[in-house]
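Student: For reference, the structure I am asking about is given below.
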Amino acid sequence: MRWDEFAAACPELASLGEERLRVRELCLVGTLRRNGYPRISPVEPEFVDGELMLGMMWQSPKALDLLRDPRCVVHSVVSDREGTEGDFKLYARARDVPDPARRERYRKTIKARIDWEPTEPDYHLFALDVDSAGFVVFGDDAHGLAWDPKRGLRRWSQRLS
């Protein structure tokens, strides 16, 4: 499902996820290499017209991974070793975006944010279809949320003594 559909199905988790992805303007994306080993790479997430999009350098290894196998995980950047700010994980499938109008809206969104835009056609663009998501906070008030379309939203908490 598109990001906006995920946000409608689970607004609390989508809100936490969007905030974590926007605050650092960077996330980590996990892909599967041709040999089956995982690859983790930084990428700038962008929210465009209700979709979560990832732009990548032309022919980059992570883009080639996604063209071959669209399964991926997106993880918010964690900057606190205690984990008290929380981290967001999104399990998704990446769809290549060849449509010129959607690519133009992506480019305009980036231009507005950082005063730069990729040139056509020298980049890959993927829109993510959400399969499941989670959010975890560690520390004295450890708790988490998990969501998938079959089981809906689940919560857990753990109080440390």
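Student: Which members of segment 93-134 meet the condition of being part of a loop (DSSP other than H, G, I, E, B) and not charged (D, E, K, R)?
Tutor: VAL97, PRO98, TRP116, PRO118, THR119, PRO121
Student: While we're on this one: Against the condition in contact (Cβ under 8 Å) with a residue 60 or more places away in the chain, touching a Phe, Trp or Tyr at 6+ places or on another chain (Cβ under 9 Å), surrounded by fewer than 19 Cβ atoms within 10 Å (Cβ to Cβ) and outside any loop (DSSP other than H, G, I, E, B), how does PHE88 come out, does it pass?
Tutor: No: the conditions fail for PHE88.
Student: Follow-up. From the list GLU18, GLU12, which residue is in contact (Cβ under 8 Å) with a residue 60 or more places away in the chain, within 27 Å of GLY139 (Cβ to Cβ) and in a helix (DSSP H, G or I)?
Tutor: From the options GLU18, GLU12, the qualifying one is GLU12.
Student: When you go through ALA63, ALA14 one by one, which is the residue that is among the small types (Gly, Ala, Ser), on the phi < 0 side of the Ramachandran plot, surrounded by 18 or more Cβ atoms within 10 Å (Cβ to Cβ) and more than 12 Å from the chain's Cα centre (by Cα)?
Tutor: It is ALA63.
Student: Right, another one. Within segment 45-64, does at least one residue satisfy the condition of being under 20 Å from GLY134 (Cβ atoms) and either at pLDDT below 95 or basic (Lys, Arg) (or both)?
Tutor: No: zero hits.
Student: Go through segment 41-70 and count every residue that is more than 30 Å from ASP141 (Cβ to Cβ), in contact (Cβ under 8 Å) with a residue 40 or more places away in the chain and not in a loop (DSSP other than H, G, I, E, B).
Tutor: So the count comes out to 11.
The values are calculated or read from the model by the stated rules, or taken from the named source; none is laboratory data. Treat the numbers as computed from the prediction; the structure is a model and nothing was measured. Here Cβ is always computed from backbone atoms with ideal geometry, including for glycine, and neighbour counts include all displayed protein chains.
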